[in-house]
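Enquirer: If you scroll down you'll find the structure; I have some questions about it.
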Amino acid sequence: MSTPTVFRDHTRTYEIRTYGCQMNVHDSERLAGLLEEAGYARADDGATPDVVVFNTCAVRENADNRLYGNLGHLRPVKDAHAGMQIAVGGCLAQKDRDTIVRRAPWVDVVFGTHNIGSLPVLLERARVQEEAQVEIKEALETFPSTLPTRRESPYAAWVSISVGCNNTCTFCIVPSLRGKEKDRRPGEILAEIQALVAEGVLEVTLLGQNVNSYGAEFGDRGAFAKLLRSCGEIDGLERVRFTSPHPRDFTDDVIAAMAETPNVMPSLHMPLQSGSDSVLKAMRRSYRQEKFLGIIERVRAAIPDAAITTDIIVGFPGETGEDFEQTLHVVREARFSSAFTFQYSKRPGTPAADMDGQVPKEVVQERYERLVALQEEISWAENKKQVGRTLDVLVAEGEGRKDERTHRMSGRAADNRLVHFTQDETARPGDVVTVDVTYAAPHHLVADGPVRAVRRTPAGDAWERRTAAPKGVPLGMPGIGRPESAPAAPSCK
Ligand code: SF4
């Protein structure tokens, strides 16, 4: 562990503000790891940090407005805090480049999605040269997984298996900002997972823009299913999840691997986007309604308890009333346990932004409300089927917190449903409790009776070690640190 490098008279502190998808959440863990390795320490809550890093998202139109708004608010804070530095990274930085320092000349560093490893050096260079540093690379320098990482949670970890995407969905800007798909070698991924399990991690989520095409880069179309099966052989790894798959590449070997590998969890996020074949064609999603419903049917046949979630965009250019009815039809058929629903918003630089037939806002709003109401009804009905079941729940930190008022704790069931259960003093985040579901709400389950059993795990021990760590010591190095979690949108829409 590096000793804090004292700048002038104190350890410089940092704060990272993360926007967008899980890829960004995981990139922020690396940015924190890089800064702590360079001697920075995380700023205490409420304290003014010496360095503020924005890890931006470029998905929606107002992403720009939000960034420049936040930078505007930070200017007087910087003026009042000698030595403060502001850095902007992520997809919006990759897109806007030096426009950012032109529009906000008080920004010190702009770095892209392909060179997050450069942050500490760029901060130092900006400080010494007293000049803004803009460094954007067109292609990935090193696979980010080789960078130091300060993980948010000691019991659940993101593990990248690929970056970038080879698809060209017409509403999406990711391929132009994160580049073509690059795959990590299976051995490297499995070694990282084994190291995480040795530190106490119980659950990993395999991460990629399109995890199903994993292996395309090294010519093995079956690589993803094999990777899932290999995860099944890692002792101590209790839960494996993955995000995001793409229906076009979702093959039966993956369904079989999910069904036959006990530690691969029965939860699947499968972005639909639209139920209409003509809209799917305009989106360049390379599958149609029938194929999508066929996948759902085969998953349910092989894994009857699977909880399936999705992403849906309402109001894509050219979407007619009949097209929207097709989306509602698929939602009724697929019976998703929940859905991330979005109103289409133009993304400059994407083909869809220039398409004819942009749907009026009020029409989009009306359709959106109908979709949300239908999905809410289905989510609740599907949750009600869980009442009376006995579930193993991985106790979470941050999601539910110990609620002194209701004396409840929270965690995730195997199918990733959120469960609030009666507080048990012996249960720690990272442990696994067994509870009986007594009530269902649209977006969570409740187990109001006494906890049946508490299984204390190495993950719970890791959480205890981390929360017991003295303040101000660079965290995230194996074994110590402070967890927090907030579910980000599963993928970029
Ligand atoms: S929506 Fe997903 S699959 Fe499509 S281009 Fe974007 S990242 Fe790739």
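Enquirer: Size of the dipole of region 390-456 about the Cα centre, Lys and Arg at +1 and Asp and Glu at -1 on the beta carbon, nothing else charged, in debye to 20?
Expert: On the way: 10 positive and 11 negative charges, 16 e Å.
Roughly 80 debye for region 390-456.
Enquirer: Would you mind pulling out the separation of the Cα centroids of region 101-121 and region 124-144, in Å?
Expert: 6
Enquirer: Here is a further query. Over the Cα atoms of region 211-302, what radius of gyration and what Dmax do you get, in Å?
Expert: 14.0, 47
Enquirer: Ranked highest first by average number of other Cβ atoms within 10 Å, how do 259-270, 217-228 line up?
Expert: Details: 259-270: 19.4, 217-228: 17.5.
Output ranking for 259-270, 217-228: 259-270, 217-228.
Enquirer: Still on this model: Let me have the relative contact order for the chain, percent, based on Cα pairs under 8 Å that are six or more residues apart. Each step should come with its number before you reach the end.
Expert: On the way: 1053 pairs, mean separation 67.9, N = 493.
That works out to 14 percent.
Enquirer: Dipole size in debye (nearest 20) for the chain around its Cα centre, Lys and Arg Cβ +1, Asp and Glu Cβ -1? Show your work: numbers first, answer last.
Expert: Details: 61 positive and 69 negative charges, 47 e Å.
So the dipole magnitude of the chain works out to roughly 220 debye.
Enquirer: Under the 0.36 nm per residue contour assumption, what length would be gained going from the current alpha-carbon distance of Ala302 and Arg97 to full extension? List each step's numbers first, then the result.
Expert: Working: separation 205, 0.36 × 205 = 73.80 nm, distance 4.72 nm.
Here the segment from Ala302 to Arg97 would lengthen by 69.1 nm.
Enquirer: Please compute, for the alpha-carbon atoms of the chain, the extent along each of the three principal axes and give them in descending order in Å.
Expert: Largest to smallest, the principal-axis extents are 63, 59, 48 Å.
Enquirer: Take Glu260 and Glu141, extend 7 Å from each Cα along the Cα→Cβ direction, and tell me the distance between the two endpoints in nm.
Expert: Reported label-point gap for Glu260 and Glu141 is 4.3 nm.
Enquirer: For region 249-389, give the magnitude of the charge dipole about the Cα centre (Cβ charges: +1 Lys/Arg, -1 Asp/Glu; no others), in debye to the nearest 20. If you can, show how the numbers build up before the last one.
Expert: Working: 17 positive and 22 negative charges, 47 e Å.
Charge dipole, region 249-389, about its Cα centre: 220 debye, nearest 20.
Enquirer: Moving on to the next point. Mind grabbing the base-10 log of I(q)/I(0) for region 410-460 at q = 0.30 Å⁻¹? Debye formula, identical points on the C-alpha positions, no solvent, two decimal places.
Expert: Here the Debye-derived log intensity ratios amount to -1.27.
Enquirer: For a protection proxy built on the mean count of beta-carbon atoms within 10 angstrom, sort 147-155, 66-74 highest first, please. Display every interim value, and only then the final one.
Expert: Values: 147-155: 24.2, 66-74: 15.7.
Listed from highest to lowest mean packing, they are 147-155, 66-74.
Enquirer: Using helices alone, what [θ] at 222 nm do you get for the chain, with -39,500 (n - 2.57) per DSSP H run of 4 or more residues, divided over all residues and rounded to the nearest 500? Intermediate values should be presented prior to the final figure.
Expert: On the way: 14 runs with 163 residues, N = 493.
Helix contribution divided over all residues of the chain: -10000 deg cm²/dmol.
Enquirer: If eta is 0.890 mPa s and T is 25 °C, what Stokes-Einstein diffusion coefficient results for region 6-135, Kirkwood Rh from Cα pairs, in µm²/s?
Expert: Numbers: Rh = 14.5 Å.
This corresponds to a translational diffusion coefficient of 169 µm²/s.
Enquirer: Work out how much length Ala80 to Val363 would gain on full extension: take 0.36 nm times their residue separation and subtract the Cα-Cα distance, in nm to one decimal.
Expert: Values: separation 283, 0.36 × 283 = 101.88 nm, distance 4.66 nm.
Gain on extension, Ala80 to Val363, equals 97.2 nm.
Enquirer: In Å², what does the accessible area per residue of the chain work out to with a 1.4 Å probe?
Expert: Values: 20220 Å² over 493 residues.
Dividing the accessible area of the chain by its residue count gives 41 Å².
Enquirer: Let me ask another. Within region 13-56, find all residues whose amide N lies under 17 Å from a label point positioned 7 Å from the Cα of Trp106 along Cα-to-beta-carbon.
Expert: Flagged as within label range: 15, 48-54.
Enquirer: Have a look at Gly187, Leu71, Gln343 and report the one farthest towards the positive end of the charge dipole of the chain, computed about the Cα centre with Cβ charges (Lys/Arg +1, Asp/Glu -1).
Expert: Farthest towards the positive pole: Leu71.
Enquirer: Which one of Ser379, Ala307, Gln358 has its Cα pushed farthest toward the positive end of the charge dipole of region 271-385, where Lys and Arg give +1 and Asp and Glu give -1 at the Cβ?
Expert: In region 271-385, that residue is Ala307.
Enquirer: Here is a further query. Take Arg125 and Glu233, extend 7 Å from each Cα along the Cα→Cβ direction, and tell me the distance between the two endpoints in nm.
Expert: Result for the modelled spin labels: 4.4 nm.
Enquirer: Work out the charge dipole of the chain with +1 on the Cβ of Lys and Arg and -1 on the Cβ of Asp and Glu about the Cα centre, then indicate which of Val395, Ala139, Ile234 is farthest towards its positive end.
Expert: Highest projection toward the positive end goes to Ala139.
The values are calculated or read from the model by the stated rules, or taken from the named source; none is laboratory data. Bear in mind that the values here come from a model prediction, so they are computed numbers and not experimental data. Cβ coordinates were reconstructed from backbone atoms using ideal geometry, including for glycine residues, and neighbour counts include every protein chain displayed. Protein only, heavy atoms only, side chains kept; ligands, DNA and RNA dropped before computing areas. Shrake-Rupley method; radii C 1.70, N 1.55, O 1.52, S 1.80 Å.
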